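Below you'll find the structure, written out as structure tokens, and then a few comments.
The values are calculated or read from the model by the stated rules, or taken from the named source; none is laboratory data. Everything numeric here is computed off the predicted structure, so don't read it as measured data. We place every Cβ from the backbone using ideal geometry, glycine too, and count neighbours over all the protein chains shown.
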Amino acid sequence: MKMRKLFAGLAAAATLLSGLALGATTASAAETTPVVDISGKTVKITVDDARYFQTVDANGNATTTPRSFKAVKLAAYTLVPEGSSADIAQGLTLTTTATTKQAVITALGANYDATKGDPMVQYVNLTNRDDRAFVTKLEKTVKPADTDTPVSGELSKDGKTMTLTMPDAGLYLIYDASGTQAFVTKEGDTTTTYTVNGFNTMLVGTKVTVNGAALTNGEGVLNLSGAANGKIAGVTTTTGAFSFTKVDADGQTVKVSDTAKAAKFTVTKDGKYLTWHSDGSWSFEDSAIDNTTASGSYFQEKDGVYAFKNLENGTYTVTEVAAPEGFLGTALASFTVTLKDGKVTEFKGTDQWGLAPKTGDANSTYQVKNVKSITQLPLTGAAGTILFSAVGVILAAAAGTVFLKSRSTKRALRA
């Protein structure tokens, strides 16, 4: 049986579909190439990590509900009856659906010619196609409705193969209806998040059949191979926490009646200020932001215990900018704390007074002192030097006074 020239449109569509299946939105992530197989009205997608097809609950735990997909029919296969053309007896072509026709024309832009027939056939016959760009343009306006029923899907026992059954033959845009899924595991203060970005929109053609017999490739089989840009990826991020306690010279926790009376700190990383937000998130700002009910860059705790959670890895500098009420305001602490793989590896005191211990780790409570007078400062390091210098000056002044008085006494006795 001879085939009509319009069949070339289907052959071109086979080339178009190669490599458009899946994609990751994070370029730096480790990617995987799925294997896609089409049989009849089914599209079978196989990946190497079962989490790509899983969903999570509000706590980041995997559920038994797989990802869901929705589809919009882009074009139908139209059988051109025998005798419709003098040169070919019978053939097939693509017919863009009425609901997506304008979107296809818009995506074609200057490449569309109203005198040259169906817009989808025109696209697959272009020699300068950018297939991914074309799909990206289409999905901006061609969207499944929220009320649309998801495509019937079945997940394999090992969770790595999803079989989608399309309602009828044709060319479809298949959308991931589940979006980004973040798997969360916690170990103490360490939180590891494995984020799987949603599948890119897939352009899929079901296998064409005529009188129950599948046509051979190049004569109507729309093939999807999932080539270089057909990928999906997961990204692993780890966060950690640290805490410290404010104590007095005797090692007792400094507690105050009101938060505004507590020691005030800033926390910086790479020169930017850690800023809290009322929704529990963090941000880094170029300068410290005054505290409001919504956000702020200053930290005060009336019970004397300061805790910071869900922080990314790196070295943070903690600086005391105001002492608690009743304590010496000119002797303030500072230290650094380093997080690696979500765990504290080191505390290191940096203030000249020695109020923050020189070393510390996650296995012990890190205590930062406040004092009420200079005499309570640790008698080591710069603080000891300053204190002894001050005492030396006082003693020298006292010695001078005694010397002068002794000379006066001698003169009085000789008189």
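Listed values, structure above:
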| quantity | calculated |
| --- | --- |
| Selection count where residues are modelled with pLDDT of 90 or more, crowded, with 18+ Cβ neighbours inside 10 Å and part of a strand (DSSP E or B), scope the range 135-172 | 3 |
| Within the range 286-316, considering residues that are free of Cβ contacts under 8 Å to residues at least 24 places away in the same chain and surrounded by fewer than 14 Cβ atoms within 10 Å (Cβ to Cβ), the one nearest to Lys369 (Cα to Cα) | Asp290 |
| Qualifying residue in the range 320-337 (condition: without any contact (Cβ under 8 Å) to a residue 24 or more places away in the chain, more than 25 Å from the chain's Cα centre (by Cα) and closer than 25 Å to Lys186 by Cα) | yes |
| Residue match in the range 339-347 (condition: within 22 Å of Ser373 (Cα to Cα) and touching a residue at least 40 places away in the same chain (Cβ under 8 Å)) | no |
| Residue within the range 291-301 that is within 29 Å of Glu187 (Cα to Cα), in contact with a strand residue (DSSP E or B) (Cβ under 9 Å, 6 or more places away or on another chain) and at pLDDT below 95 present | no |
| Subset of the range 248-279 [in contact (Cβ under 8 Å) with a residue 24 or more places away in the chain and part of a loop (DSSP other than H, G, I, E, B)] | Asp248, Ala249, Gly251, Val254, Lys255, Val256, Ser257, Asp258, Ala262, Ala263, Asp270 |
| Candidate set from the range 102-134 (those that are among the aliphatic types (A, V, I, L, M) and assigned to a loop (DSSP other than H, G, I, E, B)); member that is surrounded by the fewest Cβ atoms within 10 Å (Cβ to Cβ) | Ala114 |
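One line per residue, one yes/no per condition, for (1) modelled with pLDDT of 90 or more; (2) in a loop (DSSP other than H, G, I, E, B); (3) not assigned by TED's automatic domain parsing to the domain that holds Asp130:
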| site | (1), (2), (3) |
| --- | --- |
| Leu22 | no, yes, no |
| Ser28 | no, yes, no |
| Ile38 | no, no, no |
| Gly60 | yes, yes, no |
| Val72 | yes, no, no |
